[in-house]
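These notes are about the structure you will find just below.
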Amino acid sequence: TKPLTHDATEYLELAKNFNQTGHLELPARKTLMIESYGRAPGYPMWLAFLLRISPTLSWIRIAEALVGLLNTYLFFLLAREVFGVRAGIVAFILSSFYIPFIVLAPVILSENVWMCCMLISFWFLLRKGTAIVRPAIINHILSFVVLAIATLIRPGTAFLLPFYLLFIFRKRGLTLSIFLFALYFLILLPWNIHLYRKEGHPIFVASEGG
């Protein structure tokens with residue numbers, strides 16, 4: 001069993017505190033001189049959900065491993081969407097045996113779930129239309145929704161937003177780009193307002209990286 005890192009310990013403290021008090025913040029004695037909202041909320045909320053199912057570290061590591069398996073399938077879907085079935089199979093095999101992914105799964109860090117969200121977001125962004133009405137627009141909306149969720153896991157995701165908007169602008173024009181830009185920040189707005197009220201100054205998602 002791998003020992004818990006400082007980050008993993010802090011994530012778990014946040015998750016446990018949320019389940020006990022309903023507040024996603026660390027007690028002052030646990031913050032190590034950082035703000036009580038130093039962490040982004042997404043991953044601790046995920047852990048809080050898992051802890052309500054079972055409070056054991058073994059269960060959390062199993063769940064993280066299952067997310068890792070889902071990621072390999074998402075690599076397949078993404079590569080198949082862009083390059084075809086053969087490329088999808090190659091991507092699935094490579095991601096299944098890629099050592100960093102194998103090592104990452106049981107560590108209890110935000111990267112694994114964040115990667116899952118990003119792969120889903122990319123897939124929706126690049127997904128081809130189907131028979132339903134204006135499916136591409138629906139896919140793009142879902143892509144930005146999941147991108148916002150990924151930002152709540154790792155705030156640095158916001159730096160990918162200009163590339164998303166450039167893609168949408170070239171595919172769909174200015175109107176949809178503005179709408180999706182507004183949607184992205186609208187999803188993040190409640191949490192950012194909450195941070196401002198608690199800390200007394202603007203914070204974008206978290207004062208630390210994730």
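The values are calculated or read from the model by the stated rules, or taken from the named source; none is laboratory data. Remember, it's a predicted structure, so these values are computed and weren't measured experimentally. Reconstructed Cβ throughout: ideal geometry from the backbone, glycine too, with neighbour counts over all protein chains shown. Note: accessible area is taken over every heavy atom of the protein model, side chains too, but ligands, DNA and RNA are not part of it. Shrake-Rupley method; radii C 1.70, N 1.55, O 1.52, S 1.80 Å.
Determine whether segment 156-168 contains at least one residue that is in contact with a Gly (Cβ under 7 Å, 6 or more places away or on another chain), surrounded by fewer than 19 Cβ atoms within 10 Å (Cβ to Cβ) and not hydrophobic (A, V, I, L, M, F, W, C). Within segment 156-168, one or more residues are in contact with a Gly (Cβ under 7 Å, 6 or more places away or on another chain), surrounded by fewer than 19 Cβ atoms within 10 Å (Cβ to Cβ) and not hydrophobic (A, V, I, L, M, F, W, C). Tally up the residues in segment 78-128 that are in contact with an Asp or Glu (Cβ under 7 Å, 6 or more places away or on another chain), under 23 Å from residue 170 (Cβ atoms) and aliphatic (A, V, I, L, M), please. Within segment 78-128, residues that are in contact with an Asp or Glu (Cβ under 7 Å, 6 or more places away or on another chain), under 23 Å from residue 170 (Cβ atoms) and aliphatic (A, V, I, L, M) number 1. Here residue 205 fulfils each of the conditions (1) assigned to a helix (DSSP H, G or I); (2) surrounded by 15 or more Cβ atoms within 10 Å (Cβ to Cβ) apart from (1). Of the residues in segment 124-141, at least one is open to solvent by 20 Å² or more (accessible area, probe 1.4 Å), among the aromatic types (Phe, Trp, Tyr), outside any loop (DSSP other than H, G, I, E, B) and within 22 Å of residue 159 (Cα to Cα).
Selection of first residues in segment 89-116 that are modelled with pLDDT under 90 and of second residues that are crowded, with 19+ Cβ neighbours inside 10 Å and in a loop (DSSP other than H, G, I, E, B), restricted to Cβ pairs under 7 Å at least 6 apart or on distinct chains, gives the following pairs, ordered by first then second residue: 110/154; 110/210.
Somewhere in segment 176-190, is a residue under 30 Å from residue 25 (Cβ atoms), under 17 Å from the mean Cα position of the chain (by Cα), surrounded by 12 or more Cβ atoms within 10 Å (Cβ to Cβ) and touching a residue at least 60 places away in the same chain (Cβ under 8 Å)? The answer is no, given that none of the residues of segment 176-190 is under 30 Å from residue 25 (Cβ atoms), under 17 Å from the mean Cα position of the chain (by Cα), surrounded by 12 or more Cβ atoms within 10 Å (Cβ to Cβ) and touching a residue at least 60 places away in the same chain (Cβ under 8 Å).
Considering (1) open to solvent by 20 Å² or more (accessible area, probe 1.4 Å); (2) closer than 22 Å to residue 161 by Cα, the lone condition that residue 74 does not fulfil carries the number (1). Listed by first and then second residue, the pairs with beta-carbon distance under 7 Å, at least 6 apart or on different chains, first residue in segment 49-65 and farther than 17 Å from residue 103 by Cβ, second basic (Lys, Arg), are 51/16.
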